[in-house]
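Student: Quick one: this structure, given as structure tokens, is what I'll be asking you about.
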Amino acid sequence: MRHLLIAVAATFSFLSAAEACPDYALWGSNTYNLSGDKLYSPQSYNIRAGGENYLPKCGFSTNETGYFTTTPDFSFELSKMNGYRLVVSVLSDCDAALLVIRANSQWVYDDDSNGQADPRLELSNLGKGVLDVWVGTYNGEYCDATLTLETF
């Protein structure tokens, strides 16, 4: 019986640790269907940036740091993206960070490429699929932010 209890406790502690990281298996709090031609006009979304999960504790490199929620802030079902370059950027009231997972399961991170301590990513060869987006913060605070997607 003692071995069973130890096994159950170990399972729950493993699950708790796994739940404390950004999880692309979950659908975003906000879900949108977008296409390359629709995104030729910028689409902006208000969000509260921040989260409780520190990326380096989730297996990300120490160069990819910041605090993010478990559930993606957004899940974008993208179509007709061939030939387009997608720019994902954030303007915020704090030091925001951006975490994205592409449909091919490639994680992409940025902290300050948009200037003023805000992130910006340029993605190409997206094709069709889901793009999950987390808007976090570098230092663990929470703040108002605007996420913008635009194709070129």
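Student: List the residues, sorted by chain then number, that are 5 or more residues from Asn114 or on another chain and whose placed amide H is less than 5 Å from its amide H.
Tutor: Residues meeting the amide H criterion: Arg120.
Student: Further, regarding this structure: Contact order normalised by length for the stretch 86-133, with contacts defined as Cα pairs under 8 Å and 6 or more residues apart; what percent is it? Spell out each step's value before the answer.
Tutor: Values: 91 pairs, mean separation 20.7, N = 48.
Answer for the stretch 86-133 is 43 percent.
Student: So what is the accessible area of the chain per residue, in Å², with the probe set to 1.4 Å?
Tutor: Details: 8190 Å² over 152 residues.
Per-residue accessible area for the chain comes out at 54 Å².
Student: Same structure, new question: Along the stretch 103-118, what does the Karplus equation 6.51 cos²θ - 1.76 cosθ + 1.60 (θ = phi - 60°) give for ³J(HN,Hα), rounded to whole Hz, x for Gly and Pro?
Tutor: Values, residue by residue: 4, 8, 6, 8, 7, 9, 10, 8, 10, 10, 6, 9, x, 6, 6, 10 Hz.
Student: Right, something else. Please give the length that would be gained between Ser29 and Gln116 if that part of the chain were fully extended, namely 0.36 nm times their separation in residues minus their C-alpha to C-alpha distance (nm, one decimal). Don't skip to the end; give the middle numbers.
Tutor: Details: separation 87, 0.36 × 87 = 31.32 nm, distance 2.65 nm.
Between Ser29 and Gln116, full extension yields an extra 28.7 nm.
Student: To the nearest 0.05, what FRET efficiency results for Ser41 and Thr62 with a Förster distance of 30 Å applied to their C-beta separation?
Tutor: Details: r = 38 Å, r/R0 = 1.26.
Working from the Cβ atoms, E equals 0.20.
Student: Continuing with the same structure: Using just the helices of the chain, give the 222 nm mean residue ellipticity in deg cm²/dmol: DSSP H runs with n ≥ 4 each add -39,500 (n - 2.57), and the total is spread over all residues, rounded to 500.
Tutor: Working: 1 runs with 18 residues, N = 152.
Helix-only estimate at 222 nm: -4000 deg cm²/dmol.
Student: Cα to Cα, under 24 Å, and not fewer than 8 places away if on the same chain: which lysines meet these conditions relative to Lys80?
Tutor: Output for Lys80: Lys38, Lys128.
Student: Springs between alpha-carbon atoms under 10 Å, Gaussian network over the chain: tell me which of Thr31, Thr62, Thr71 tops the mean-square fluctuations.
Tutor: Largest GNM mean-square fluctuation: Thr62.
Student: Express in Å², to the nearest 10, the accessible area of Cys21 obtained by rolling a 1.4 Å probe over the protein heavy atoms while all chains stay in place.
Tutor: Around 20 Å² of this residue is reachable by solvent.
Student: Measuring from a point 7 Å past the Cα of Arg85 along Cα-to-C-beta, which residues in the stretch 128-152 have an amide N at less than 18 Å?
Tutor: 148-152
Student: Share of the chain's accessible area from carbon and sulfur, percent, 1.4 Å?
Tutor: Using a 1.4 Å probe with all protein chains present, the chain comes out at 50 percent carbon and sulfur.
Student: Mind pulling the angle between the C-alpha long axis of helix 2-19 and the longest principal axis of the chain? Nearest 10 degrees, somewhere in 0 to 90.
Tutor: The two axes meet at around 20 degrees.
The values are calculated or read from the model by the stated rules, or taken from the named source; none is laboratory data. Small disclaimer: the values here were computed from a predicted structure and weren't measured. Positions of Cβ are backbone-derived with ideal geometry, glycine not excepted, and every protein chain shown enters the neighbour counts. Areas reflect the complete protein model, heavy atoms only, side chains present, ligands, DNA and RNA absent. Shrake-Rupley method; radii C 1.70, N 1.55, O 1.52, S 1.80 Å.
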